[in-house]
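The values are calculated or read from the model by the stated rules, or taken from the named source; none is laboratory data. Given the structure is predicted, the values throughout are model-derived calculations rather than measurements. When we count neighbours, we look across all protein chains shown, and the Cβ atoms used for this are built from the backbone with ideal geometry, even at glycine. Side chains are part of the model used for accessible areas, which takes the heavy atoms of the whole protein and leaves out ligands, DNA and RNA. Shrake-Rupley method; radii C 1.70, N 1.55, O 1.52, S 1.80 Å.
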Amino acid sequence: MKMMKKHYILAVVAVLMGFTVSAGQPHKTLRQLGFPTGIFETGTYNAITDVPGVTVGHVTCIEGDSIRTGVTAIVPHQGDIFRNKVPAAIYVGNGFGKLAGVTQVRELGNIETPVILTNTLSVAAGIEGAVRYTLMQPGNENVRSVNAVVGETNDGRLNKIRQMYVTPQMVIDAINNAHGGPVEQGNVGAGTGTICFGFKGGIGTSSRVLPESLGGYTIGVLVQTNYGGILEIDGVQVGQRLQKHDFINHVRKAENVDGSCMMVVITDAPLDSRNLERVAKRAMMGMAKTGGIASNGSGDYVIALSVAPGNLINDTARTITSTVLANGEMSSIFAATIEATAEALWNSLFMAESMTGWGGNHVDALPVERVLEMLRNR
């Protein structure tokens, strides 16, 4: 037990210093490799943290030959989230998953905790950690009900998931470690042990900034990829050309590359829960651009939030006055969401590294050089 604790501390330090615990050279995103996608500009970091006030924290857990898991916390603003709730909506692309807190978000149209991502059997730890964090905040001494929002994907091929290694304290640490600026991607946090299209998946992020003529709003996306389908990258049929995709086992023997995906979209555009649900639906269109099919056994969820300062919901107010965009102003936000989601999903693959884990299972990273050759010679 002493060794496990020591390694966990080292993992936290590694993430804070900006690299993963996995060995290997730093990877580059699709854009950094010379293939920008979409028509809109990115923010400074091409990350969800380009949205003002948003921070992200990871705890990465790699222990021996069996533990390959972690926690990712997305903090939407730097005040007391419980007291200043965030307009929000959730869209279910396919419901084979364990997203905690969904019914209250749908009922009330807001979120009151950081968004936590982890593995399937650690959702309970995610809830307890988010709740304990909220109860510890000054001014919340009399709070008796907290709706924690915790999403998951199943990392049980590379991670000994039944050990339930993640603890509530790790969740609290991920929240407290959250920072702005560049976001660590690939084999970190909740993406440590995930698989995407049969390759190593992980955490990915991207952003878009609309021109001033369209409002100047920022849209940021962070994803945890663990899903399958037939991989496409910027219109190129990569999975088909690599002969690695869903249903190929009907042609030759191959593993199933099914799974799940969590997508978090945050914007500073002044949107209410109704239009945020419309935004969330467009994130699924971004997933479709990557070749994802939201298959029967896939838990594909989108959590969309607006952090426009004037629209945060003071829980002590008797009435709420907010300014929201008209429906006719939504199309550019839809387009930016699709672009940022697709790029975040691709980034999770480009930034991930090959990994060996539980039971000696090994998953290769995306063969980047082969993919780049396909993109150059399309």
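Note on ILE313: accessible area approximately 40 square angstrom, rounded to 10, probe 1.4 Å, nucleic acids and ligands left out. Here Rg and Dmax of the Cα atoms in Å was calculated from the structure, and among (i) 19.4, 63; (ii) 20.4, 68; (iii) 23.7, 86 it sits at label (i). Leaving ligands, DNA and RNA out of it, report the carbon-plus-sulfur percent of the accessible area of the chain at a 1.4 Å probe. Solvent-exposed carbon and sulfur of the chain make up 52 percent of the total. Summary: within the chain, the longest segment free of GluC sites (Glu not before Pro) located in DSSP loops with at most 14 other C-beta atoms within 10 Å is 1-140. Calculated mean residue ellipticity, 222 nm, the chain: -8000 deg cm²/dmol, from DSSP H runs (n ≥ 4) at -39500 (n - 2.57) each, averaged per residue and rounded to 500.
Applying 1/(1 + (r/R0)^6) with r as the Cβ-Cβ distance of GLU369 and THR319 and R0 = 51 angstrom yields a FRET efficiency of 0.30.
Report the relative contact order of the chain, percent, no decimals, based on alpha-carbon pairs under 8 angstrom and at least 6 residues apart. Before the final figure, lay out each step's value.
Numbers: 996 pairs, mean separation 88.0, N = 378.
With pairs under 8 Å counted, the relative contact order is 23 percent.
With Cα atoms as the point set, the radius of gyration and Dmax of segment 135-291 evaluate to 18.7, 61 Å.
Residue by residue, segment 222-239 carries 3J(HN,Hα) couplings of 10, 10, 10, 9, 7, 10, x, x, 10, 4, 10, 10, 6, x, 8, 7, 5, x Hz when phi is fed to the Karplus relation 6.51 cos²θ - 1.76 cosθ + 1.60 (θ = phi - 60°); x denotes Gly or Pro. Of the trypsin sites (Lys or Arg not before Pro) found in segment 276-377, those that fall in a DSSP loop while having at most 11 other beta-carbon atoms within 10 Å are ARG318. Largest GNM mean-square fluctuation among SER331, SER295, SER306, using the chain with Cα springs under 10 Å: SER331.
Going by a ≥ b ≥ c, the root eigenvalues of the Cα gyration tensor, does segment 28-170 fall in the rounded group (a/c under 1.5), the prolate group (a/b larger than b/c) or the oblate group? The shape class here is oblate.
Note on the chain: antiparallel DSSP beta bridges, both residues inside, total approximately 80 percent of the bridges counted.
Explain nothing, just the number: relative contact order of segment 97-186, from Cα pairs under 8 Å at least 6 residues apart, as a whole percent.
Relative contact order here is 38 percent.
Round to the nearest 10 and report in Å² the accessible area of THR120, as given by a 1.4 Å probe over the protein chains' heavy atoms. THR120 exposes around 20 Å² with every protein chain in place. Accessible surface for the chain, divided over its residues, is 41 Å² per residue with a 1.4 Å probe. Longest stretch of the chain clear of exposed loop sites (chymotrypsin sites (Phe, Trp or Tyr not before Pro), DSSP loop, at most 14 other Cβ atoms within 10 Å, sites excluded): 20-246. Note on ASN327 and ARG162: the model spin-label points, each 7 Å out from Cα along the C-beta direction, lie 5.2 nm apart.
In order along segment 280-286, phi translates into HN-Hα couplings of 4, 4, 5, 4, 4, 5, x Hz, rounded to whole numbers, per the Karplus curve 6.51 cos²θ - 1.76 cosθ + 1.60 with θ = phi - 60° and x for Gly and Pro. Per residue, the average separation of C-alpha pairs within less than 8 Å and at least 6 apart gives segment 125-283 a relative contact order of 19 percent.
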